[in-house]
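Every read-out reported here was derived from the displayed coordinates using simple, explicitly stated rules and does not represent laboratory data. None of the values given here were measured: they were computed from a predicted structure. Cβ placement follows ideal geometry from the backbone for every residue including glycine, while neighbour counts extend to all protein chains displayed.
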Amino acid sequence: MLRAWNGLVDGLGAVGTILIGVLMLIICADVAVRNVTGGSLPMVAEAGALLLVSIVYLQLATTIPHDRLARADLFFAGFRRRFPRGGAILAAVYDLTAAAALGVVAWSTITTLERDFTRGEYIGVTGIATLPTWPFRAVILLGMTVATLQCLVMLAGRLRRRPGGAP
C-alpha cells in the first residue's frame, strides 16, 4: 500500500516535471514567433501562469518526505541530534501542523473549483483563445489533497518509529 502511495506521489512529481518542459517549449515558441512575426502567440502569459501554479502543486507532495518544506532546519537538525525523543515529537507536531494547514487550503479550493466549473469560468479573450480554469483548479485541489495525505503518512511513520529512527 505504501509503495503504491509513493508511486502516486512520485508520479505527480514526474507530471510536474513534464509540465516544466511543456512550459519551456511554449515560451521558446513564443520567443521564436515574436522574432519572426513581431507578434506573440495567444494565451502564452495566461497558460504559462496556470502551468506554473500547476507545477508547484503537483510537485508539492514530493517535497514532504525529503524534508524540503520550509522550516528552521538550523535549529531542528541540531535539536534532533541532541534530543532524539524531543526531535521526534517536534517532527510529529510539524507533520500534524503541516497537514492541518494544507488541508485547510485544499478544503477552501473546493468552493473555487465548484464556482469555476458551474459558471464556466475561463481565461483569455473570447473569439481569439480561451481556456477553462476549472482543470487547473482541480490540479491545485489534487496537489493539496495529496500533500495533506503525505503529511499524515509521514506522521504515521514517525509515530511508529523509535526516537533513534528504528522502526
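With respect to the numbered conditions (1) in contact with a Ser or Thr (Cβ under 6 Å, 6 or more places away or on another chain); (2) loosely packed, with under 13 Cβ neighbours inside 10 Å, which one is the sole condition not fulfilled by Ile128?
Failing condition for Ile128: (1).
Of the residues that sit in segment 89-122 and are touching a Ser or Thr at 6+ places or on another chain (Cβ under 6 Å) and among the aliphatic types (A, V, I, L, M), which one is surrounded by the most Cβ atoms within 10 Å (Cβ to Cβ)? If you could, list the steps in order and put the result at the bottom.
So the first thing to find is which residues in segment 89-122 are touching a Ser or Thr at 6+ places or on another chain (Cβ under 6 Å), and the list is 99, 102-103, 106, 116, 121-122.
Narrowing further to those that are among the aliphatic types (A, V, I, L, M): 99, 102, 106.
Details: Ala99: 20, Leu102: 24, Ala106: 20.
Checking each candidate, the answer is Leu102.
In the list Ile18, Ile64, which residue meets the criterion of being free of Cβ contacts under 8 Å to residues at least 60 places away in the same chain and β-branched (Val, Ile, Thr)? Break it down into steps so the answer makes sense when it comes.
On the way: Ile64 fails: free of Cβ contacts under 8 Å to residues at least 60 places away in the same chain.
Being free of Cβ contacts under 8 Å to residues at least 60 places away in the same chain and β-branched (Val, Ile, Thr) holds for just one of Ile18, Ile64, which is Ile18.
Of all the residues that make up segment 30-51, how many are out of contact with any Gly (no Cβ under 6 Å at 6 or more places or on another chain), aliphatic (A, V, I, L, M) and under 20 Å from Val125 (Cα atoms)?
Final tally of qualifying residues: 8.
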